[in-house]
Amino acid sequence: MRLLAVDPGDKRIGVALTDPDGIIAYPLIIINHISRDQDAKTIAKLAEENQANLILVGFALDAEGNTTPSARNSQRLADTLKENTSIRVTLVDEYGSTNIVQETAREMNLNRRQRRSHRDDIAAVVILQQYLESHRSDYIDGP
């Protein structure tokens with residue numbers, strides 16, 4: 001099962017993909033935001049070209065689990081994606097992914113400019129990897 005994850009942002013959208021077995025997440029592309037419709041069409045095309053079975057859209061809730069303005073934008077993007085593809089689309093909580101991205105970038109010894117330029121695709125990888133880890137028993141047989 002191949003999965004594609006999206007980290008929507010105001011200016012850029014990070015996209016990550018798993019290997020064909022759905023085990024390892026890796027960055028695929030950073031899309032410059034144009035419009036919700038155009039972004040959804042681009043994401044749907046990427047998912048279809050890469051034979052994804054599921055599209056995950058990062059959904060940023062606050063520390064109390066309340067919907068944020070960013071989460072509402074993610075919901076609208078997910079709804080538009082559903083109109084543009086037959087691939088299943090689901091929202092996933094991305095709370096804490098920013099801290100993980102920052103820590104990962106520091107561990108990679110990236111300078112400030114490099115950290116900024118890789119933030120979006122690394123965030124999509126974090127969202128996807130967290131989903132894989134929490135749902136591994138759903139699609140992998142055995143212990």
remark   = If R0 = 25 Å, then GLU49 and ILE23, at their Cβ-Cβ distance, give a FRET efficiency to the nearest 0.05 of 0.80
Cα shape, the stretch 49-93, gyration tensor, a/c 1.5 rule = prolate
query = How do the peptides 7-13, 124-130 rank, highest first, by the average count of neighbouring beta carbon atoms within 10 Å per residue?
reply = 124-130, 7-13
request  = Among the GluC sites (Glu not before Pro) in the stretch 4-83, which ones are in a DSSP loop with at most 16 other Cβ atoms within 10 Å of the Cβ? Mind listing them?
outcome  = GLU64
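None of the figures in this text is laboratory data; all of them are computed from the coordinates on show. It should be emphasised that the depicted structure is a prediction, and the values quoted were computed from it without experimental measurement. Please note: Cβ atoms are built from the backbone with ideal geometry, for glycine as well, and neighbour counts cover all protein chains shown.
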